Amino acid sequence: MTERGFDLDARLRERERAGLRRHLDPAESVGARTRFSDDPRGGAPEYGDERLVFASNNYLGLASDRRVLQAAENAARAVGTGAGASRLVTGDTGLHRALERDLADCKGAERALLFSSGYAANVGTIDALGPDVVFSDELNHASIVDGCRVGADETVVYDHADPGDLRARMARRAAEELDSAADEAWLVVTDTVFSMDGDVAPLDAICDAAEEFGAWVMVDEAHATGLFGEGGGIVRREGLADRVDVQLGTLSKALASQGGYVAGDEALVESLLNAARSFVFSTGLAPPAVGAARESLRIARETDRADRLWKTVEALRDGLASTGYEVLGETQILPVLVGDRDDALALGDQLADRGVVAPAIRPPTVPEGTARIRVAPMATHTDDEVARCLDAFEAAGEEVGLL
């Protein structure tokens, strides 16, 4: 009989051969430092020595903050541990509405809508809008790429953070489809802070190009929410809320919780809650996650927590550069460029041996020849911990032969 199944063992062997197979390493806790274990595969984890974590998206260090923990507990006691159903059935609670109002206010939008994840928000939103053409930055997150695959008739990829190339590709499309392009719906999609390069999209110029051709602009603020513009992200910092049609983000990074959101005008939110399949057919976000995210957003907006992060970022960037490393970006994400894939893996291993968790990022996640260590500090890292991280980078770089 012809075998029509899937040879998953062969796929795993190929990943192993290419050095791309990943493994789970459970952490004891979430914070600036923790202990790790090899995957116990059902047994009890055996944690080793404590390590400093410089690889987490918990940028404000709020995942273990007592105020956030208490908010999650209060939400569970008041509403329950789960929403119980889709928001359109019985899973819509006052807690969900309160966070949506806070997010809309923070983003300068009329309304916001919670999704089960940022990934679900991207895929569901693009699919619900159903654009004829999406113009997508070449380094956009995988969730945007998948959203385009599911929901767009055609996707045109423009050069990273290059509004000139975006404008040229839109002009070319308009010229090629002169008879029909006027009736098409166009969507320009970009991350604001790019997760692997740590740079920021030139949103003002992107909006200029989109407006020239009557296109909508959608941005993903996953790595910006809670950190810029008094918590409102790059869009709020740049004063572009009235020019960006769809603001999207996650609650799982600086806001130390789980879930995603979309913010925009009334018609957008009403359309999404009716047509976004990843919203309509998903159980409402768990109340403890909603409570935790709401308290994290309040802390981000009302305290100096982000200022503490930026001081740590500056100290790390200056220290790494003075040691001899090339550090990319301009945000809280500090990509230490290595280049060679094997060198980056060796550097990551040497850092781990010295008690610092900052794994290598290599192709295909990043382009060939640009393997790197992605350093992501938290507001809760102390001066001593930053110094230990820099010492580890210096010693590890010398051991690998990069310095």
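The values are calculated or read from the model by the stated rules, or taken from the named source; none is laboratory data. Quick caveat: nothing in here was measured; it's all calculated off a predicted structure. Don't worry about glycine lacking a Cβ; one is built from the backbone with ideal geometry, like all the others, and counts go over all protein chains shown.
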Filtering the range 264-276 down to residues that are surrounded by fewer than 20 Cβ atoms within 10 Å (Cβ to Cβ) and under 21 Å from the mean Cα position of the chain (by Cα) yields none
Filter the range 120-140 for residues that are of a type in the set (D, E, K, R) and either more than 16 Å from the chain's Cα centre (by Cα) or at pLDDT below 95 (or both) and give the result. Asp127, Asp132
Would you confirm whether or not the range 327-350 contains a residue that is of a type in the set (Val, Ile, Thr) and over 17 Å from Asn57 (Cα atoms)? yes
Hey, does the range 303-317 have a residue that's out of contact with any Cys (no Cβ under 8 Å at 6 or more places or on another chain) and farther than 20 Å from Glu230 by Cα? yes
Boolean, Arg243 is of a type outside the set (Gly, Ala, Ser), modelled with pLDDT of 95 or more and more than 30 Å from Arg77 (Cβ to Cβ): yes
Name the residue that is farthest from Glu295 (Cα to Cα), counting only residues in the range 21-41 that are aliphatic (A, V, I, L, M) and buried (at least 16 other Cβ atoms within 10 Å of the Cβ). Ala27
Condition (residue is in a helix (DSSP H, G or I), touching a residue at least 40 places away in the same chain (Cβ under 8 Å) and not β-branched (Val, Ile, Thr)) applied to the range 252-265: is it met by at least one residue? no
Could you list, in sequence order, all residues of the range 365-381 that are in contact (Cβ under 8 Å) with a residue 40 or more places away in the chain and surrounded by fewer than 21 Cβ atoms within 10 Å (Cβ to Cβ)? Thr365, Val366
Cβ-Cβ distance below 8 Å, separation of 6 or more or different chains: which pairs start in the range 305-324 with a residue that is hydroxyl-bearing (Ser, Thr, Tyr) and end on one that is not in a helix (DSSP H, G or I)? Thr312/Pro377; Thr312/Met378; Thr312/Ala379; Thr312/His381; Thr323/Leu403
Which condition breaks for Leu285 when tested against (1) in a helix (DSSP H, G or I); (2) closer than 30 Å to Arg97 by Cβ; (3) of a type in the set (A, V, I, L, M, F, W, C)? (1)
Checking the structure you have, find out if any residue of the range 298-311 is among the aliphatic types (A, V, I, L, M) and within 23 Å of Gly94 (Cβ to Cβ). yes
Filtering the range 360-403 down to residues that are among the hydrophobic types (A, V, I, L, M, F, W, C) and closer than 29 Å to Asn140 by Cβ yields Ala360, Ile361, Val366, Ala371, Ile373, Val375, Ala376, Met378, Ala379
Test of understanding: among Ala344, Ala392, Ala396, Ala352, which residue is surrounded by fewer than 20 Cβ atoms within 10 Å (Cβ to Cβ), in a helix (DSSP H, G or I), more than 20 Å from the chain's Cα centre (by Cα) and outside the structural domain of Val200 (by TED's automatic domain parsing)? Ala352
Tally, over the range 215-248, of residues that are within 16 Å of Glu266 (Cα to Cα), in a loop (DSSP other than H, G, I, E, B) and either aliphatic (A, V, I, L, M) or outside the structural domain of Gly151 (by TED's automatic domain parsing) (or both): 2
Is the range 167-174 home to any residue that is surrounded by fewer than 16 Cβ atoms within 10 Å (Cβ to Cβ) and touching a Lys or Arg at 6+ places or on another chain (Cβ under 9 Å)? no
Restricting the first residue to the range 193-207 and requiring it to be among the aromatic types (Phe, Trp, Tyr), which pairs with a second residue that is assigned to a loop (DSSP other than H, G, I, E, B) meet a Cβ separation below 6 Å and a spacing of at least six or different chains? Phe194/Leu139
Regarding the range 69-92, can at least one residue be identified that is touching a strand residue (DSSP E or B) at 6+ places or on another chain (Cβ under 9 Å), in a helix (DSSP H, G or I) and surrounded by fewer than 18 Cβ atoms within 10 Å (Cβ to Cβ)? no
Check on Gly164, outside any strand (DSSP E or B), surrounded by 21 or more Cβ atoms within 10 Å (Cβ to Cβ) and of a type in the set (Gly, Ala, Ser): no
Looking only at the range 125-159, count how many residues are outside any helix (DSSP H, G or I) and in contact with a strand residue (DSSP E or B) (Cβ under 9 Å, 6 or more places away or on another chain). 19
In the set Ala10, Ala44, Ala18, Ala55, which member is assigned by TED's automatic domain parsing to the domain that holds Leu351 and exposed (fewer than 13 other Cβ atoms within 10 Å of the Cβ)? Ala44
